[in-house]
1. Suppose we keep only residues that are more than 25 Å from the chain's Cα centre (by Cα) and open to solvent by less than 30 Å² (accessible area, probe 1.4 Å) within the range 122-138. Which one would you say is nearest to Val238 (Cα to Cα)?
2. List the residue pairs whose Cβ atoms are under 7 Å apart, where the first residue sits in the range 217-233 and is without any contact (Cβ under 8 Å) to a residue 40 or more places away in the chain and within 12 Å of Thr113 (Cα to Cα), the second is open to solvent by 20 Å² or more (accessible area, probe 1.4 Å) and part of a strand (DSSP E or B), and the two are 6 or more positions apart or on different chains.
3. Which residues, counting only those in the range 148-157, are assigned to a strand (DSSP E or B) and either crowded, with 20+ Cβ neighbours inside 10 Å or of a type in the set (A, V, I, L, M) (or both)?
4. Tally up the residues in the range 62-85 that are open to solvent by 60 Å² or more (accessible area, probe 1.4 Å) and either modelled with pLDDT of 75 or more or touching a helix residue (DSSP H, G or I) at 6+ places or on another chain (Cβ under 9 Å) (or both), please.
5. Looking only at the range 163-178, filter to residues that are surrounded by 19 or more Cβ atoms within 10 Å (Cβ to Cβ) and modelled with pLDDT of 85 or more; which one of those is farthest from Ile133 (Cα to Cα)?
6. Identify all residues within the range 86-121 that are modelled with pLDDT of 90 or more, among the aliphatic types (A, V, I, L, M) and either open to solvent by 40 Å² or more (accessible area, probe 1.4 Å) or not in a strand (DSSP E or B) (or both); write none if there are none.
7. What number of residues within the range 1-23 satisfy the criterion of being modelled with pLDDT of 80 or more, open to solvent by 20 Å² or more (accessible area, probe 1.4 Å) and in contact with a helix residue (DSSP H, G or I) (Cβ under 8 Å, 6 or more places away or on another chain)?
Amino acid sequence: MVAVLGLGLSVRGDILELKNGTVLNGKYDGGTAGTVRFETSAGQQVLETPQIIALTFTTPAPAAVASAAPAPAQLPAPVAAPSSVTLPAGTTLLVRMMDSVSSRNGAGTPFTTRLEYDLGVGGPAAVKGGTIIYGRIGSSTQAGRAVGRSTLDLRLAQMVINGQPVPIMTSGYQEAGQASIAKAAKGAAAGAAIGAIAGNAGKGAAIGATAGALTRGQTLTIPPGTLLEFSLMQPVTVPVAN
């Protein structure tokens, strides 16, 4: 018993049974080879070891289970790039004529243009500058030598994006305004812009005679290199390269 108590000097127990039948509940508070100090609710008692039958120590409360380490925050999955983008109605298309057309050409005559700058909707460019856009003459009239005025209605009809033809519907053309020319001119000269509007007719192609300035019998001609503006009449959804 002395040996057992000696080994348990640093252990905290709570039940002490005596030979006279008394059972004490408390806390073992150390002792010597011949005595045991035991703390109860009535105070500390010093008991001789021959009086003791057993000293039982309570099982220590299990250590709190360490909470599992929080799982690392999941990074949001990368958002897949959209496979298509819709350009709203009213989007301005500034294009440069690749062909020459005039009021002498009949309705349905095709022509080719090139987009001057990127088009996008709140993100990366959906349609790159340089994209080929095809058009056709909607209607035209050629005035006689001295009677009437010539007219020419141009419409864009199709753009080719990533090898896919995309039908479009636009308004008739307008001569490119200063704002559009300035946008197209960033990083490059707008040399082929409509001369009178660009401010230097000698450095760019100009419409031979604007509709409002035509004299009777004069042909309305739009040469290659002329900048024209069209507006989308309906929204158009275009594929985006991933």
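1. Across the range 122-138, the extreme among qualifying residues is Ile133.
2. Listed by first residue and then by second, the contacts come to nothing, as the list is empty.
3. Leu152, Leu154, Leu156, Ala157
4. 1
5. The selected residue is Tyr173.
6. Within the range 86-121, Ala89, Met98, Ala107 qualify.
7. 2
The rows are residues; the columns are (1) modelled with pLDDT of 85 or more; (2) part of a strand (DSSP E or B); (3) β-branched (Val, Ile, Thr); (4) out of contact with any His (no Cβ under 9 Å at 6 or more places or on another chain).
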position: Gly130; (1), (2), (3), (4): yes, no, no, yes
position: Gly138; (1), (2), (3), (4): yes, yes, no, yes
position: Ala146; (1), (2), (3), (4): no, no, no, yes
position: Met159; (1), (2), (3), (4): yes, yes, no, yes
position: Ala188; (1), (2), (3), (4): no, no, no, yes
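The values are calculated or read from the model by the stated rules, or taken from the named source; none is laboratory data. Everything numeric in this text was worked out from a predicted model, so none of it was measured. All Cβ positions, glycine included, derive from the backbone under ideal geometry; neighbour counts span all protein chains shown. These area figures cover heavy atoms from the full protein model, side chains too; ligands, DNA and RNA do not enter into them. Shrake-Rupley method; radii C 1.70, N 1.55, O 1.52, S 1.80 Å.
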